[in-house]
1. Filter the stretch 172-200 down to the residues that are touching a strand residue (DSSP E or B) at 6+ places or on another chain (Cβ under 8 Å) and under 17 Å from residue 14 (Cα atoms) and list them by number.
2. Contact list please: Cβ distance under 6 Å, first residue in the stretch 38-60 and over 20 Å from residue 144 (Cβ atoms), second residue more than 8 Å from ligand 2 (Cβ to nearest atom) and part of a strand (DSSP E or B), pairs at least six apart or on different chains.
3. Need the failing condition index for residue 77 against (1) more than 10 Å from ligand 2 (Cβ to nearest atom); (2) out of contact with any strand residue (DSSP E or B) (no Cβ under 6 Å at 6 or more places or on another chain); (3) within 21 Å of residue 26 (Cα to Cα), just the number.
4. Being in contact (Cβ under 8 Å) with a residue 24 or more places away in the chain and more than 9 Å from ligand 2 (Cβ to nearest atom) narrows it down to one of 86, 33, so name that one.
5. Would you pick out the residues in the stretch 60-106 that are in contact with a helix residue (DSSP H, G or I) (Cβ under 9 Å, 6 or more places away or on another chain) and over 29 Å from residue 34 (Cβ atoms)?
6. Going by what's in this entry, would residue 138 be described as within 24 Å of residue 202 (Cα to Cα) and crowded, with 18+ Cβ neighbours inside 10 Å?
Ligand SMILES: NC(=O)c1ccc[n+]([C@@H]2O[C@H](COP(=O)([O-])OP(=O)(O)OC[C@H]3O[C@@H](n4cnc5c(N)ncnc54)[C@H](O)[C@@H]3O)[C@@H](O)[C@H]2O)c1
Ligand SMILES: Nc1nc(=O)c(N)c(NC[C@H](O)[C@H](O)[C@H](O)COP(=O)(O)O)[nH]1
């Protein structure tokens, strides 16, 4: 493990066929019990990372609401700074610390839009956000533990670049199917099983019809 890197947990709720959202972007897979578990976990990390598409589709708050505890810093990967100024994340940025990570592709007007809010903008990467460099900057800010809450494109980047330590996956009792629905891990994927990270199944917890699997990278 590189010394500069914070501890990274990838988290998702998947259908039994490995999807995190339908082709229309409907992603409500967790049960209330599972959301309580998720919010407890949020309270134990220093920051949460999501991708721009998840923000645009879900308009999340990424706060701790179903359990007690502090809100982690919210970090959005948004290469061109395209998120809406009406989004809940920007609208609540005075109350919850928020970082928007962008690349050099951001336009002046989008940078100006983000700077109208009390968020920190981190510019790294040529086309998309350079995640390794971002993690290094976050570790310099004493951010030690990060929860990555997807979506599939972001998950692939962390897995492809081998910059995660743990996976916490809830298997929800639904089957979604479809070539155009979103998988837990998008991107081109590995061409050989041997290229996949090796995972050690650390625990299995049953929450009624939902199964919470905790894997560590070997
Ligand atoms: N069920 C779940 O647990 C769960 C969790 C999260 C998201 N979702 C769903 O996933 C869908 C969105 O997933 P997605 O795969 O389309 O998008 P995503 O949320 O992974 O966002 C991808 C976008 O992030 C931006 N980005 C910037 N730098 C990047 C980098 N270095 N690497 C990767 N992305 C970078 C780019 O604009 C990119 O297109 C939504 O429908 C959401 O509801 C489900
Ligand atoms: N564990 C989990 N189960 C789900 O069923 C689901 N849809 C997500 N999705 C993660 C993504 O980051 C979402 O946008 C936030 O879970 C919404 O977060 P808020 O409630 O607004 O805090 N995550």
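1. Narrowing the stretch 172-200 to residues touching a strand residue (DSSP E or B) at 6+ places or on another chain (Cβ under 8 Å): 172-173, 176-178, 181-184, 197-200.
Answer for the stretch 172-200, where residues must be touching a strand residue (DSSP E or B) at 6+ places or on another chain (Cβ under 8 Å) and under 17 Å from residue 14 (Cα atoms): 172, 173, 176, 177, 178, 181, 182, 183, 184.
2. What qualifies is 51/77; 55/76.
3. Going through (1) more than 10 Å from ligand 2 (Cβ to nearest atom); (2) out of contact with any strand residue (DSSP E or B) (no Cβ under 6 Å at 6 or more places or on another chain); (3) within 21 Å of residue 26 (Cα to Cα) one by one, residue 77 breaks only (2).
4. Details: 86 fails: in contact (Cβ under 8 Å) with a residue 24 or more places away in the chain.
Checking each option against the conditions leaves just 33.
5. 79, 80, 81, 82, 85, 102, 106
6. Answer is no for this residue.
Here, each number is a calculation from the coordinates, and none is a lab measurement. Just so you know, these numbers come straight off a predicted model, no measurement behind them. In this analysis, Cβ positions are derived from the backbone assuming ideal geometry, glycine residues included, and neighbour counts consider all displayed protein chains.
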